[in-house]
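Q: Dropping a structure here in structure tokens format, bear with me for questions.
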Amino acid sequence: MIGRPALVALPLVLTGCGAETGDLARWEHLARGHVPDRSARLSFEAPDGREVRLVPDGGHLRIETELVRADWVYKAGLDAWAAVVDIRPHGKAPAGVEEQRLTGESDSFRYFPPREMKASGGVVPSDSFLFTGTGCFLRLDAGSEPPERLNLSLYTGRGRERDGVWLDEGRRFSGESLSVWPGEGVSLGERELEARTLRFATTLEPALAPLEGSGLGEVVFRIRAGDRVVFEYRLEDGVEEDYRWHEVDFGPDAQRSELSFEVEGGMAYTAFHAPVLGPEDIGDYRERPWGEDRPDIVLFLADTFRADNLRAYGAEHDLTPHLDRAARDGWLWERAWSVSTYTFPSHASLFAGLYPHQLGAVGTGRALPDAASSVVEAMAREGYRTGAITDSAMVSRNYGLDQGFEWFDERLIDLDSTLERARDFLDADDGRPVFLFVHTYRTHTPFHASAETLEELRDVLGVESDFETLERARLALNSTDADWREFTAEEEALVERLRRHYLAGVLELDRGFGAWRSELDSRGLLERGYLLFTSDHGEEFGEHGHVYHTGPVWDCELRVPLLAIGGDLEPRRVSHPSSLVDLAPTLAQLSRVAPDPAWVGESLFQLGRPRTLFAFQAWGEPEESTLALIQGGRKVITYEVSQAWQEGRILGAFDLGQDPGEERTEDVPDWAIELLESHAATLEDLFRPRYGSLDARLDGTDLQDLKHLGY
């Protein structure tokens, strides 16, 4: 039973906001209404002595530097000229704005973007160039040489305005910010400071790559109240990247003063992130002085985590004691499906409450449109402090998944670092209710576990060799995926060895989750708040002739764990079918914000009526990409091309109660045809985009990160 008013008084939730005006007035968001200067003209010296300029260009900013003939070296293996230029521009140029330029007095070369490389077969046309972040590559006719002087001009983002809020768009840090370049200052006018505290994060991402033994020089962040310096934070020379949360207490005798923010130092992307003036006394996560009763909510998502990793979903091993305990302590949804078999569309649906095709979230080259209605944006509007700590790649600003997050920190590294960054966010508590999203690729390819874990599991799993060696051996077999393909004995052995590496990562993920739950318990956050755990999709190990994910919509790729603990949630197992598309209305109910009427899911705490769930491969050509309809205990798999489901062309039809492994069936039952026919109109709607499509903001580094993950 759920006893909290937040969960039982749903009609009230649907008719009002989650916070009274007085509550929202306790906090003043200094980045709201602020638009940074885009006419700046600044000059910096790079570590190699090169002058690098920041110049305005038609309402945008560009980084420019000069390349001379001596900078270029011919690379015979590439059949191109190369110049080392360690500039790191941010963001993707808007439509109609040139991303890169290379020009001379009488020369102009065509920019050849990385996204065109595949279509060209890797051939760069003559008189074309490409800047990669570490160097500039120029292709010329045979016998030609670069001119004596060329100007390299690169678009660099300074963020964007959305609904009156300025959002920084760094490679790692994004969200609400006061964007201030070194050498600049920003004044916000007078503010009442008496008995108030300013809470914020300073962030730095270098715009120039330092050379060995040298860096940006000292970088100083400073805040003034009138003529008085009230905050100063210094970073020593050599810092590559930095973030730090801070507090400035003004005290009971503080006078109304003008607040100004400034940065000094070398060329870098610097900002004061999420600057909020709020009350001095905020209590803690257990209790607020003003009697806050909206719950804190933490959503922990383990990417590529099969449901049957847990005993509650049929695991035979004992590798997940911490998650198994959580499954016993709270609500567990026994039959939960993702909406897709890979990361981006699953996350888009989770936050925006619609199925992938409705959101245009199809393929690795699209992003969640700005117009999509994200539950995170709704929570932020109603006074929640929203933060995301992700492992980047597809769960990134590039894919539009930062929508609504006041603080979005993405970095592909390891689970320990991810959880440490999440702890830092919670440490920076300012009294508002929190929504924190924590994402990790810990169980995603490439599979790795520590030497200590592998030794511990030697007798249990017998993990041998390493992932890279096994994967090269698998690829050397020149195998192709095909539904129900029979693996050779050699293939089966390799895939089993890969699966054992995966399970070693599952154990480490479980330990990280256990430590994270203990962290939340120690803060008292789960006394009133909630911790939800799920995944975005599963992983296949040869069950249907495939390995890993992005494949057809088999349950091994679709079934995910889904559980919630905290507050006064008593143990309960929910048998009604559930989906990641239900997460947006669920989070809305927990946080007491009005759900968007366009969302197609239902709150997980109110499931009951019979309904049909859908899942989409959303990958490749529609004739090959698959979709599933799940009704009760039955499941039908067909193809995304409309003729397939209109004509009743079925890949498989299964009674999951009798056939949970989805074994091949020769005959298509009548009920499968009837299920398709009865949902033809619904499928038409689910394939109809609600918003215009938006391209993902990917450069060469981003594409390399995706390749590292197997995309």
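Q: Filter region 668-695 down to the residues that are in a helix (DSSP H, G or I), over 32 Å from the mean Cα position of the chain (by Cα) and among the β-branched types (V, I, T) and list them by number.
A: I673
Q: All but one of (1) of a type in the set (D, E, K, R); (2) free of Cβ contacts under 8 Å to residues at least 24 places away in the same chain; (3) assigned to a loop (DSSP other than H, G, I, E, B); (4) touching a helix residue (DSSP H, G or I) at 6+ places or on another chain (Cβ under 8 Å) hold for E316, so report the exception by its number.
A: (4)
Q: I would also like to ask the following. Which one of the conditions (1) in a loop (DSSP other than H, G, I, E, B); (2) of a type outside the set (G, A, S); (3) over 24 Å from A696 (Cβ atoms); (4) in contact with a Lys or Arg (Cβ under 9 Å, 6 or more places away or on another chain) does V124 fail to meet, given that it meets all the rest?
A: The failed condition is (3).
Q: Restricting attention to region 334-376, which residues are surrounded by fewer than 23 Cβ atoms within 10 Å (Cβ to Cβ) and over 22 Å from L627 (Cα atoms)?
A: Residues satisfying the conditions are P369, D370, A371, S373.
Q: If I ask for residues that are buried (at least 22 other Cβ atoms within 10 Å of the Cβ), part of a loop (DSSP other than H, G, I, E, B) and on the phi < 0 side of the Ramachandran plot, which ones from region 286-307 would you list?
A: Once the filter is applied, which keeps residues that are buried (at least 22 other Cβ atoms within 10 Å of the Cβ), part of a loop (DSSP other than H, G, I, E, B) and on the phi < 0 side of the Ramachandran plot, region 286-307 yields R294, P295, D296, D303, F305, R306.
Q: Can you find even one residue in region 164-174 that is part of a strand (DSSP E or B) and closer than 30 Å to D253 by Cβ?
A: no
Q: Additional query: Would you be able to tell me the number of residues in region 467-487 that are free of Cβ contacts under 8 Å to residues at least 12 places away in the same chain and surrounded by 13 or more Cβ atoms within 10 Å (Cβ to Cβ)?
A: Total satisfying the criteria: 0.
Q: Let me ask something additional. T480 versus (1) touching a helix residue (DSSP H, G or I) at 6+ places or on another chain (Cβ under 8 Å); (2) part of a loop (DSSP other than H, G, I, E, B); (3) farther than 27 Å from T534 by Cα: which is the lone unmet condition?
A: Tallying (1) touching a helix residue (DSSP H, G or I) at 6+ places or on another chain (Cβ under 8 Å); (2) part of a loop (DSSP other than H, G, I, E, B); (3) farther than 27 Å from T534 by Cα, T480 fails exactly one: (1).
Q: Still on this structure, I have one more. With respect to T386, determine if the residue is under 21 Å from L558 (Cα atoms) and polar (S, T, N, Q).
A: no
Q: Would a scan of region 166-179 turn up a residue that is at pLDDT 90 or above, within 28 Å of the chain's Cα centre (by Cα) and of a type in the set (A, V, I, L, M, F, W, C)?
A: Taking every residue of region 166-179 in turn, at least one turns out to be at pLDDT 90 or above, within 28 Å of the chain's Cα centre (by Cα) and of a type in the set (A, V, I, L, M, F, W, C).
Q: Right, here's the next one. Looking only at region 131-162, which residues are of a type outside the set (K, R) and without any contact (Cβ under 8 Å) to a residue 40 or more places away in the chain?
A: Result: D141, A142, G143, S144.
Q: Give me the residue from region 68-107 that is over 25 Å from E45 (Cα atoms) and surrounded by 12 or more Cβ atoms within 10 Å (Cβ to Cβ) and, out of that set, modelled with the highest pLDDT.
A: Of everything passing the filter in region 68-107, Y74 is modelled with the highest pLDDT.
Q: Residues that are over 19 Å from the mean Cα position of the chain (by Cα) and not hydroxyl-bearing (S, T, Y): find the strands (runs of 3 or more DSSP E) completely inside region 520-597 holding 3 or more of those.
A: Of the strands (runs of 3 or more DSSP E) lying wholly inside region 520-597, those with at least 3 residues that are over 19 Å from the mean Cα position of the chain (by Cα) and not hydroxyl-bearing (S, T, Y) span 562-566, 572-574.
Q: A further question follows. Looking only at region 614-623, filter to residues that are under 17 Å from H549 (Cα atoms) and touching a Leu at 6+ places or on another chain (Cβ under 9 Å); which one of those is surrounded by the fewest Cβ atoms within 10 Å (Cβ to Cβ)?
A: Per the stated criteria, the residue is F616.
Q: With the requirement that a residue be outside any loop (DSSP other than H, G, I, E, B), surrounded by fewer than 22 Cβ atoms within 10 Å (Cβ to Cβ) and among the hydrophobic types (A, V, I, L, M, F, W, C), what does region 603-613 give you?
A: F605
Q: Can you give me the number of residues within region 19-41 that are assigned to a strand (DSSP E or B), modelled with pLDDT under 90 and either small (G, A, S) or surrounded by 15 or more Cβ atoms within 10 Å (Cβ to Cβ) (or both)?
A: 0
Q: Is there a residue being of a type in the set (G, A, S), assigned to a strand (DSSP E or B) and farther than 25 Å from D702 by Cα anywhere in region 355-371?
A: No; the residues of region 355-371 include none that is of a type in the set (G, A, S), assigned to a strand (DSSP E or B) and farther than 25 Å from D702 by Cα.
Q: Let me ask you something else. Is it fair to say F487 is modelled with pLDDT of 85 or more, in a loop (DSSP other than H, G, I, E, B) and of a type outside the set (A, V, I, L, M)?
A: Judged against the criteria, F487 is not a match.
Q: Considering only residues of region 624-641 that are out of contact with any Gly (no Cβ under 8 Å at 6 or more places or on another chain), among the hydrophobic types (A, V, I, L, M, F, W, C) and surrounded by 23 or more Cβ atoms within 10 Å (Cβ to Cβ), which is nearest to S575 (Cα to Cα)?
A: Among those residues, the one meeting the criterion is I630.
Q: Is there any pair with a first residue in region 66-95 that is within 11 Å of F131 (Cβ to Cβ) and a second that is of a type in the set (D, E) and not in a strand (DSSP E or B) whose Cβ atoms are under 6 Å apart and which are 6 or more apart or on different chains, and what are they?
A: Short answer, once both residue conditions are applied: A83/D71.
Q: Quick check on this structure: which one of W619, W554, W599 is touching a residue at least 40 places away in the same chain (Cβ under 8 Å), over 19 Å from T638 (Cβ atoms) and not hydroxyl-bearing (S, T, Y)?
A: It is W599.
Q: Would you tally the residues in region 276-285 being assigned to a loop (DSSP other than H, G, I, E, B), in contact (Cβ under 8 Å) with a residue 60 or more places away in the chain and over 29 Å from the mean Cα position of the chain (by Cα)?
A: 3
Q: Surrounded by fewer than 24 Cβ atoms within 10 Å (Cβ to Cβ), assigned by TED's automatic domain parsing to the domain that holds H537 and farther than 27 Å from V547 by Cα: does that describe S417?
A: So S417 passes the test.
Q: Given (1) more than 25 Å from D253 (Cα to Cα); (2) in contact with an Asp or Glu (Cβ under 7 Å, 6 or more places away or on another chain); (3) of a type in the set (K, R), identify the lone condition not met by R158.
A: Result: R158 passes all but (2).
Q: Check T320, T304 and return the single one that is in contact with a strand residue (DSSP E or B) (Cβ under 9 Å, 6 or more places away or on another chain) and of a type in the set (V, I, T).
A: Among T320, T304, only T304 is in contact with a strand residue (DSSP E or B) (Cβ under 9 Å, 6 or more places away or on another chain) and of a type in the set (V, I, T).
Q: Among strands (runs of 3 or more DSSP E) lying entirely in region 58-101, which contain 1 or more residues that are under 13 Å from G157 (Cα atoms) and charged (D, E, K, R)?
A: Result: 60-68.
Q: Now for a separate question. Any chance region 261-280 includes a residue that's loosely packed, with under 14 Cβ neighbours inside 10 Å and either more than 24 Å from V35 (Cβ to Cβ) or modelled with pLDDT of 95 or more (or both)?
A: There is no residue in region 261-280 that is loosely packed, with under 14 Cβ neighbours inside 10 Å and either more than 24 Å from V35 (Cβ to Cβ) or modelled with pLDDT of 95 or more (or both).
Okay, residues lined up against (1) surrounded by 22 or more Cβ atoms within 10 Å (Cβ to Cβ); (2) farther than 30 Å from D227 by Cβ:
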residue: G135; (1), (2): no, yes
residue: L138; (1), (2): yes, yes
residue: E161; (1), (2): no, yes
residue: E169; (1), (2): yes, yes
residue: P182; (1), (2): yes, no
residue: E192; (1), (2): no, no
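Q: Further, regarding this structure: Any residue at all in region 509-524 that's touching a Ser or Thr at 6+ places or on another chain (Cβ under 6 Å) and under 17 Å from P321 (Cβ atoms)?
A: yes
The values are calculated or read from the model by the stated rules, or taken from the named source; none is laboratory data. Bear in mind that the values here come from a model prediction, so they are computed numbers and not experimental data. Neighbour counts are summed over all protein chains in view; Cβ atoms, including those assigned to glycine, are modelled from backbone coordinates with ideal geometry.
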